[in-house]
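To keep things clear, I will list the structure first and then write my remarks on it.
The values are calculated or read from the model by the stated rules, or taken from the named source; none is laboratory data. Computed from a predicted model, the values in this text were never measured in an experiment. FYI the Cβ positions are ideal-geometry reconstructions off the backbone, even for glycines, and counts take in every protein chain you see. Ligands, DNA and RNA are stripped out before the accessible areas are found, and what is left, the full protein with its side chains, is counted by its heavy atoms. Shrake-Rupley method; radii C 1.70, N 1.55, O 1.52, S 1.80 Å.
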Amino acid sequence: MQSRFGERPVAADWQHLEATRDLGAVLQVLRGGKLARWTGRFAVRPGVHEIERRLREEWLRAVDEVAAWQPEGWREGTRWMRWIVHLPALQKLARGGRAPAWMRTDAVLGPIVAREPRERGPALAGTPLAPLAAGFADPPDVARAWATHWQNLWPRDAAARAPLAELLAAIRASRERLAQAPPEATSRDSVVALERRLALLFRRNPLSPTATAAYVSLMQLDLQRVRGLLAVRALRDAPVAAP
């Protein structure tokens, strides 16, 4: 994990990617750099839905890999972080929103989408997502249900729990800042501040559950940045349908 942390992209790497305008060229840069793991299974010029699907699959593999490195007591707490990428979609479903077509073909979301809105929460029973059923209550809050169960998986020792609580508070504060930002604002400053905080927690808590959680959270920030780079270029390249 320390080695992977040291290999994360620096500002110059992101600047190079952001300056590359063509989707195929961005994929080529990614495959030859520090973020190659996310795009190894992509088609030559994937559409935006394939990008999203492939990145979700790679995220599950990446978190499972990190979980395999953990002692048994923290393995499930790490594996629970694999569902982070599905929380926005699940929140939409919890609100009774109309599910887009891509959700119906998703391996995780498809069986939930197939149910009537009132049946979606109970449908999670017996699945790995069962603790998220509480997030389908009124008012729906899937992210809070995820965090509540995650805290139940934390070590019982108070000294081990304290920095994890600090990490969770930093993530929640970042979410609140983004939610309260004006429409014209970008997320860059908030994300950079969170990234610095997570990196500090990683360095201050070596060989601990907090280091693992901080590393996985940083990995998620990297993934979201890659997702944005690819999605914007894929949408720009997509043919415009006739009116």
Please state which of the following conditions GLU58 fails to meet, knowing it meets all the rest: (1) under 29 Å from LEU168 (Cα atoms); (2) surrounded by fewer than 19 Cβ atoms within 10 Å (Cβ to Cβ); (3) at pLDDT 90 or above. (2)
Any chance you could count how many residues in the range 61-73 are over 18 Å from LEU129 (Cβ atoms) and open to solvent by less than 10 Å² (accessible area, probe 1.4 Å)? 2
Suppose we filter the range 12-31 for residues that are within 30 Å of PRO206 (Cα to Cα) and open to solvent by 70 Å² or more (accessible area, probe 1.4 Å); how many remain? 2
Identify all residues within the range 155-175 that are of a type in the set (D, E, K, R) and either under 17 Å from the mean Cα position of the chain (by Cα) or outside any helix (DSSP H, G or I) (or both); write none if there are none. ARG156, ASP157, ARG172, ARG175
So, in the range 206-243, of the ones that are modelled with pLDDT of 95 or more and of a type in the set (Val, Ile, Thr), which residue ends up farthest from ALA165 (Cα to Cα)? VAL216
Mind checking which pairs have a first residue in the range 19-33 that is under 15 Å from GLY228 (Cα atoms) and a second that is of a type in the set (Lys, Arg) and surrounded by fewer than 13 Cβ atoms within 10 Å (Cβ to Cβ), Cβ under 9 Å, 6 or more apart or different chains? ARG21/ARG236; LEU23/ARG236
Report, by residue number, each residue of the range 189-214 that is more than 14 Å from ARG4 (Cα to Cα), crowded, with 17+ Cβ neighbours inside 10 Å and free of Cβ contacts under 8 Å to residues at least 60 places away in the same chain. SER190, LEU194, GLU195, ARG197, LEU198, LEU201, ASN205, SER208, THR210
Please tell me if ASP22 is of a type in the set (Asp, Glu) and under 20 Å from the mean Cα position of the chain (by Cα). no
Condition check for PRO111: crowded, with 16+ Cβ neighbours inside 10 Å, in a helix (DSSP H, G or I) and of a type outside the set (A, V, I, L, M): no
Residues in the range 151-169: is at least one open to solvent by less than 60 Å² (accessible area, probe 1.4 Å) and closer than 28 Å to ILE51 by Cβ? no
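Per-residue answers, yes or no, for (1) farther than 27 Å from LEU93 by Cα; (2) among the hydrophobic types (A, V, I, L, M, F, W, C):
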residue	(1), (2)
ALA134	no, yes
TRP146	no, yes
ALA160	yes, yes
ARG177	no, no
ALA181	no, yes
LEU198	yes, yes
PRO206	yes, no
VAL216	no, yes
VAL232	no, yes
So ALA143 clears everything in (1) farther than 18 Å from LEU201 by Cα; (2) modelled with pLDDT of 95 or more; (3) open to solvent by 20 Å² or more (accessible area, probe 1.4 Å) except one condition, right? Which one? (2)
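Please work out which residue is farthest from ARG4 (Cα to Cα), limiting yourself to the range 38-72 and to residues that are among the aromatic types (Phe, Trp, Tyr) and not in a helix (DSSP H, G or I).
PHE42
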I'd like the full set of residues that are free of Cβ contacts under 8 Å to residues at least 40 places away in the same chain, farther than 19 Å from PRO155 by Cα and within 13 Å of the chain's Cα centre (by Cα), limited to the range 59-85. LEU60, ARG61
